[in-house]
Amino acid sequence: MIDDLPVGLTARRPAGEDHLRVLAVLGTWWGGLKGQAGSTERALLLPRLYFQHFTTTSFLVERDDREVAAFLVGFLSQTEPETAYVHFVGVDPALHGQGIGRALYRAFFALARSHGRRYVHCITSPENTTSQAFHTRLGFTASAVKPDYDGPGLDRVAFTIDLSADPAAVP
């Protein structure tokens, strides 16, 4: 499914029973970003429905002991036929810099292309500068901060990549 993961990691499609396992790592992986409010916000962004209805466009990476190492929850837009969307992605901080996030995005880009999608969109909070830097390195273009994007006080930075712009440049 994803061939370029480090040794000891395997990828598969997530399932409903993975929901609580992924929620359990969010607080640790995000290092308390935005405190308790941030923790609640992240949990609310990943309801079980993503692990039931978007499994064919999402990925879960596990260690040999089945511990969650990374995940990407994405989908194909039903209203914009040229667009795919990465809803939530995370990599265990102990594994940062090993190409796992890039491998997840590469797999999602291939999936999006196979369904005729040209654009991939995603968002992050303005406080998450690590995510912003990662997406920029991948070739995404960032918007200015969008105030109240997801509701009062929930500002976001939106990212877009054009998969057809220069296929050799897109990881």
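The values are calculated or read from the model by the stated rules, or taken from the named source; none is laboratory data. If you're wondering where the values come from, they're calculated on a predicted model, not measured in any experiment. With ideal geometry, Cβ positions are generated from the backbone for all residues, glycine too; neighbour counts draw on all protein chains shown. Ligands, DNA and RNA are excluded from the accessible area calculation, which covers all protein heavy atoms including side chains. Shrake-Rupley method; radii C 1.70, N 1.55, O 1.52, S 1.80 Å.
Within segment 142-165, does at least one residue satisfy the condition of being open to solvent by 30 Å² or more (accessible area, probe 1.4 Å), in contact (Cβ under 8 Å) with a residue 40 or more places away in the chain and in a strand (DSSP E or B)?
First pass over segment 142-165, keeping only residues open to solvent by 30 Å² or more (accessible area, probe 1.4 Å): 142-150, 152-155, 160, 162, 164-165.
Now restrict to residues that are in contact (Cβ under 8 Å) with a residue 40 or more places away in the chain: 154, 160, 162, 164.
Next, only the ones that are in a strand (DSSP E or B) stay: 160, 162.
Yes: one or more hits.
Does segment 78-86 contain at least one residue that is of a type in the set (Val, Ile, Thr) and either in a loop (DSSP other than H, G, I, E, B) or open to solvent by 50 Å² or more (accessible area, probe 1.4 Å) (or both)? Lay out the reasoning, then the answer.
Restricting attention to segment 78-86, the residues satisfying the condition of being of a type in the set (Val, Ile, Thr) are 79, 83, 86.
Checking which are either in a loop (DSSP other than H, G, I, E, B) or open to solvent by 50 Å² or more (accessible area, probe 1.4 Å) (or both) leaves us with 79.
Yes, there is a match, as at least one residue in segment 78-86 is of a type in the set (Val, Ile, Thr) and either in a loop (DSSP other than H, G, I, E, B) or open to solvent by 50 Å² or more (accessible area, probe 1.4 Å) (or both).
Starting from segment 33-44, keep only residues that are hydroxyl-bearing (Ser, Thr, Tyr), then list their pairs with residues that are open to solvent by less than 40 Å² (accessible area, probe 1.4 Å) whose Cβ atoms are within a distance under 8 Å, requiring at least 6 positions of separation or different chains.
Taking only residues 6 or more apart or on different chains, the pairs are Ser39/Leu26; Ser39/Gly27.
List the number of the failed condition for Glu62; all other conditions in (1) modelled with pLDDT under 95; (2) buried (at least 18 other Cβ atoms within 10 Å of the Cβ); (3) not polar (S, T, N, Q) hold.
(1)
Could you please give the count of residues in segment 107-130 that are open to solvent by 50 Å² or more (accessible area, probe 1.4 Å), within 22 Å of Arg12 (Cβ to Cβ) and out of contact with any strand residue (DSSP E or B) (no Cβ under 7 Å at 6 or more places or on another chain)?
So the count comes out to 3.
Among the listed residues Ala142, Ala94, Ala103, which satisfies the condition of being over 26 Å from Phe51 (Cβ atoms) and out of contact with any Gly (no Cβ under 8 Å at 6 or more places or on another chain)?
Answer to the selection: Ala142.
Which one of the conditions (1) within 12 Å of the chain's Cα centre (by Cα); (2) modelled with pLDDT of 95 or more; (3) not acidic (Asp, Glu) does Ser131 fail to meet, given that it meets all the rest?
(2)
Looking at Gly90, is it more than 14 Å from the chain's Cα centre (by Cα) and open to solvent by less than 30 Å² (accessible area, probe 1.4 Å)?
Values: more than 14 Å from the chain's Cα centre (by Cα): no; open to solvent by less than 30 Å² (accessible area, probe 1.4 Å): yes.
The answer is no for Gly90.
Hey, can you tell me all the residues within segment 3-47 that are small (Gly, Ala, Ser) and either loosely packed, with under 14 Cβ neighbours inside 10 Å or part of a helix (DSSP H, G or I) (or both)?
Let us first name the residues in segment 3-47 that are small (Gly, Ala, Ser), namely 8, 11, 15-16, 24, 27, 31-32, 35, 37-39, 43.
Scanning segment 3-47 gives Gly8, Ala15, Gly16, Ala24, Gly27, Gly31, Gly32, Gly35, Ala37, Gly38, Ser39, Ala43.
Does segment 112-121 contain at least one residue that is outside any loop (DSSP other than H, G, I, E, B), under 14 Å from the mean Cα position of the chain (by Cα) and not small (Gly, Ala, Ser)? Before the answer, list the steps.
Initially, segment 112-121 is screened for residues outside any loop (DSSP other than H, G, I, E, B), giving 112-114, 119-121.
In the following step, the residues that additionally are under 14 Å from the mean Cα position of the chain (by Cα) were identified as 112, 120-121.
Remaining after also requiring not small (Gly, Ala, Ser): 120-121.
For segment 112-121, residues outside any loop (DSSP other than H, G, I, E, B), under 14 Å from the mean Cα position of the chain (by Cα) and not small (Gly, Ala, Ser): present.
Could you check Ala69 against (1) farther than 21 Å from Phe159 by Cα; (2) without any contact (Cβ under 8 Å) to a residue 24 or more places away in the chain; (3) buried (at least 19 other Cβ atoms within 10 Å of the Cβ) and say which number it fails?
Among (1) farther than 21 Å from Phe159 by Cα; (2) without any contact (Cβ under 8 Å) to a residue 24 or more places away in the chain; (3) buried (at least 19 other Cβ atoms within 10 Å of the Cβ), the lone unmet condition for Ala69 is (2).
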